[in-house]
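First up is the structure itself, then whatever we jot down about it.
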Amino acid sequence: MTMKPGLRKFALTAHVTSSVGWLGTVIAYVALGIAAKISHNPQTVRATWIAMELTGWYVIVPLALASLLTGIIMSLGTPWGFFRHYWVIFKLLLTVFSTIVLLLHMPLVSTLASVAVKADSAGLRGLPNELFHPVGGLLVLLIIVTLSVYKPRGLTTYGWRKQQKHRNGL
């Protein structure tokens, strides 16, 4: 089923907006993680952990879920199809993987933010480095963007059969 042009443009706008928003907020989250790691000011460290928790739950998670949902809608409603091109499948798998890792990691961020609120200066220095997950997530998101822009060739077997049926007028 192919969407009508107006609906397709609306869905594409929603998908691009949520995806770019996800990417941008992960960059902001990385900046907060760096600030938490390098700051010697206890108030700054507390504030960055609180901000990471709030940014994660109230911005990054909703944008990740919106990007996943709108991506599925776009693949089902456009000629690119859901299983016709390898790049679409790779984008889907990377997006699902990133979203799952994010959802599994956020409870730890909440726990560490709670620790940061209650900890003294020595306890704040003992908080772990919060850069591995967001930097890794940022790299995966950049791979997804690259796949979206370059759209590498390569039809799946299903996509090839659909293309042959279309060419033969079936």
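The values are calculated or read from the model by the stated rules, or taken from the named source; none is laboratory data. From a predicted model like this one, the values you see are computed outputs, not experimental measurements. Reconstructed Cβ throughout: ideal geometry from the backbone, glycine too, with neighbour counts over all protein chains shown.
Among the residues of region 2-18, is any in contact with a Leu (Cβ under 6 Å, 6 or more places away or on another chain), outside any loop (DSSP other than H, G, I, E, B) and surrounded by 17 or more Cβ atoms within 10 Å (Cβ to Cβ)?
yes
So, in region 114-170, how many residues would count as being part of a loop (DSSP other than H, G, I, E, B), exposed (fewer than 14 other Cβ atoms within 10 Å of the Cβ) and of a type in the set (A, V, I, L, M)?
Counting residues in region 114-170 that are part of a loop (DSSP other than H, G, I, E, B), exposed (fewer than 14 other Cβ atoms within 10 Å of the Cβ) and of a type in the set (A, V, I, L, M) gives 1.
Does PHE82 satisfy being aromatic (Phe, Trp, Tyr), part of a loop (DSSP other than H, G, I, E, B) and within 23 Å of ARG153 (Cα to Cα)?
Taking the combined requirement at face value, the residue satisfies it.
Can you find a residue that is basic (Lys, Arg) and farther than 26 Å from SER18 by Cα anywhere in region 139-155?
no
Determine, yes or no, whether MET74 is farther than 30 Å from LYS162 by Cα, touching a residue at least 40 places away in the same chain (Cβ under 8 Å) and not small (Gly, Ala, Ser).
Against the criterion (farther than 30 Å from LYS162 by Cα, touching a residue at least 40 places away in the same chain (Cβ under 8 Å) and not small (Gly, Ala, Ser)), MET74 does not qualify.
Output the number of residues of region 1-58 satisfying the condition of being of a type in the set (Gly, Ala, Ser) and touching a residue at least 24 places away in the same chain (Cβ under 8 Å).
Residues meeting the conditions: 9.
Could you grab me the full set of residues in region 39-86 that are modelled with pLDDT of 95 or more and among the β-branched types (Val, Ile, Thr)?
The answer is THR44, VAL45, THR48, ILE50, THR55, VAL59, ILE60, VAL61, THR70.
Could you tell me which of the residues THR111, THR99, THR25 is hydroxyl-bearing (Ser, Thr, Tyr), in a helix (DSSP H, G or I) and more than 23 Å from ILE143 (Cβ to Cβ)?
THR111 is the lone residue from the list that is hydroxyl-bearing (Ser, Thr, Tyr), in a helix (DSSP H, G or I) and more than 23 Å from ILE143 (Cβ to Cβ).
So for region 124-147 (the condition being at pLDDT below 95, touching a helix residue (DSSP H, G or I) at 6+ places or on another chain (Cβ under 8 Å) and over 20 Å from ASN41 (Cβ atoms)), does at least one residue qualify?
yes
Return the pair list, or none, for Cβ contacts closer than 8 Å from residues in region 151-164 that are among the aliphatic types (A, V, I, L, M) to residues that are assigned to a loop (DSSP other than H, G, I, E, B), at least 6 apart or on different chains.
Pairs that qualify, where the first residue is among the aliphatic types (A, V, I, L, M) and the partner is assigned to a loop (DSSP other than H, G, I, E, B), are LEU155/ARG84.
Exactly one of (1) closer than 17 Å to THR55 by Cβ; (2) surrounded by 14 or more Cβ atoms within 10 Å (Cβ to Cβ); (3) β-branched (Val, Ile, Thr) is unmet by THR111. Its number?
All conditions are met except number (2).
Condition test on PRO79, is it over 24 Å from VAL30 (Cα atoms), over 22 Å from the mean Cα position of the chain (by Cα), touching a residue at least 12 places away in the same chain (Cβ under 8 Å) and exposed (fewer than 14 other Cβ atoms within 10 Å of the Cβ)?
yes
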